[in-house]
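Only one structure is covered here, and it is reproduced in the block below.
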């Protein structure tokens, strides 16, 4: 049964995995996450965005985070990508037929 | 589930659906990766700088966001005034907010689909320069050596150059100061970002009076 998991669950799994990586200081919520929206949107995961795409058929996970000083940004980005893949693979094995990509944007070194 | 191979060029046509089912009907993904958009599709940065777009004059998302930005501005100024007159801080905080709205293009990391905002890189480079006594750092930009501009908010995966403007005192010759700053920036880029810069252009744009030491506590 190839049923794609709920996007919010994917975001939460990705966020948990990324948060466990040494060198991740915090997620960078977008300003739009912090400003009160006119229509309340429940359960956003700050700094983590899951975007399903049609052309090509793919699920993109976009993570924005701050890197802790003393850690190299490139290495942290790599470790986060690997941790997120591992966590998604472990929680949703063989569930998806689509490719998943993880992109990481470092917004600050603190 | 396939692990990702090379990521397709983000300039490829993309359609994306908002992840939040409470959002309005599907809208195209904003092409500028670093531009904040409200659920109605309006740019938050433009809203703040220019007011609501003509067709968003009665948009509730725009109105709410604008009210919140105004409240933020008022709150910051009030807090600063309450703590004594440091008007510079209010301006700097609001600059930080603006920076968050427009963090500049994304600079590619060695890591596939890893990026750092130009703002974050620039801050590191300015700090590296100012770690030298008698140096005050100014504008700092990152660009492709080829001159290719950022597409969709991202610099190309190509050799990069950093351009930094500095002011210096007379404790060093200008060439010595430039060389020292260049070395610090190359080192910081490698150590803290993992970025190998092809060129570092340091331009001395001003001379510092001996007493004009930059206040690094506010940096």
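Where a number appears in this text, it was derived from the coordinates with a stated rule and is not lab data. Keep in mind it's a predicted model, so treat the numbers as computed, not measured. In this analysis, Cβ positions are derived from the backbone assuming ideal geometry, glycine residues included, and neighbour counts consider all displayed protein chains.
Observations, loosely collected:
- Segment A:47-89 versus segment B:126-149: alpha-carbon centroid distance in Å: 28 Å
- The mean number of Cβ atoms from other chains found within 10 Å of a Cβ in peptide B:71-78 is 1, as a whole number.
- Average beta carbon contacts from partner chains per residue of A:51-61, 10 Å cutoff: 4
- Counting every other Cβ atom within 10 Å of each residue's Cβ, B:44, B:197 order from fewest to most as B:197, B:44.
- Per-residue Cβ neighbour rank within 10 angstrom, fewest leading, B:76, A:67: B:76, A:67
- Nitroxide proxy distance, nm - points 7 Å out along Cα→Cβ at residue B:158 and residue B:206: 3.3 nm
- Among A:45, A:107, B:37, B:149, the ranking by other beta carbons within 10 Å of each residue's beta carbon, starting with the fewest, stands as B:149, B:37, A:45, A:107.
- Counting only other chain Cβ atoms within 10 Å of each residue's Cβ, the peptide B:104-114 averages 6.
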